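The values are calculated or read from the model by the stated rules, or taken from the named source; none is laboratory data. Because the structure is a prediction, the values reported are computed rather than measured. For neighbour counting, all protein chains shown are included, and Cβ atoms are generated from backbone atoms with ideal geometry for every residue, glycine included. When the accessible area is computed, the model is the full protein with side chains, heavy atoms only, and any ligands, DNA or RNA have been set aside. Shrake-Rupley method; radii C 1.70, N 1.55, O 1.52, S 1.80 Å.
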Amino acid sequence: PVFDLKNWRASGFKYGVATRENGQASGDYIAAAVEWIRNGCLDAIVTAPINKEAFHASSWGKRFPGHTEMLASL
């Protein structure tokens with residue numbers, strides 16, 4: 001299944017350009033996956049590398065240096 005949080009717009013997206021919006025979406029999806037694990041909806045999470053520049057520009061990046069630390073905290 002593909003889960004769509006509807007927290008990201010494809011219009012205006014440019015490959016290779018780090019934005020706060022994209023970094024926020026990355027963190028939001030990680031947080032949602034952790035919540036789904038807690039609720040018994042998922043058995044595992046696999047993450048791919050994320051753009052740290054975009055992540056750091058988001059509200060998640062203000063709290064965590066990267067998504068590995070975010071996962072550890074959540």
Fill in the blank from the handout: Sorting Ile30, Ile37 on solvent-accessible surface, 1.4 Å probe, most exposed first, gives Ile37, Ile30
Practice task
Roll a 1.4 angstrom probe over the protein heavy atoms and tell me the percent of accessible area of the chain that is carbon or sulfur.
Solution key: 57 percent
Handout entry: Longest exposed-site-free window of the chain, the sites being trypsin sites (Lys or Arg not before Pro) in a DSSP loop that have at most 11 other C-beta atoms within 10 Å
Key = 15-74
Practice task
With springs only between Cα atoms under 10 Å apart, run a GNM on the chain and tell me which of Asn22, Asn51, Asn39 wobbles the most.
Solution key: Asn39
Practice task
Compute the long axis of helix 20-38 from its Cα atoms, compare it with the longest principal axis of the Cα atoms of the chain, and write down the angle in degrees, 0 to 90, nearest 10.
Solution key: 0 degrees
Exercise for the section: Can you work out the accessible area per residue across the chain, with the rest of the protein chains kept in place, probe 1.4 Å, in square angstrom? Expected result: 70 Å²
Practice task
For Lys14, go through the lysines and keep the ones whose alpha-carbon is under 23 Å away, minus same-chain ones fewer than eight residues off.
Solution key: Lys6, Lys52
Problem - Cα shape, the chain, gyration tensor, a/c 1.5 rule - result: oblate
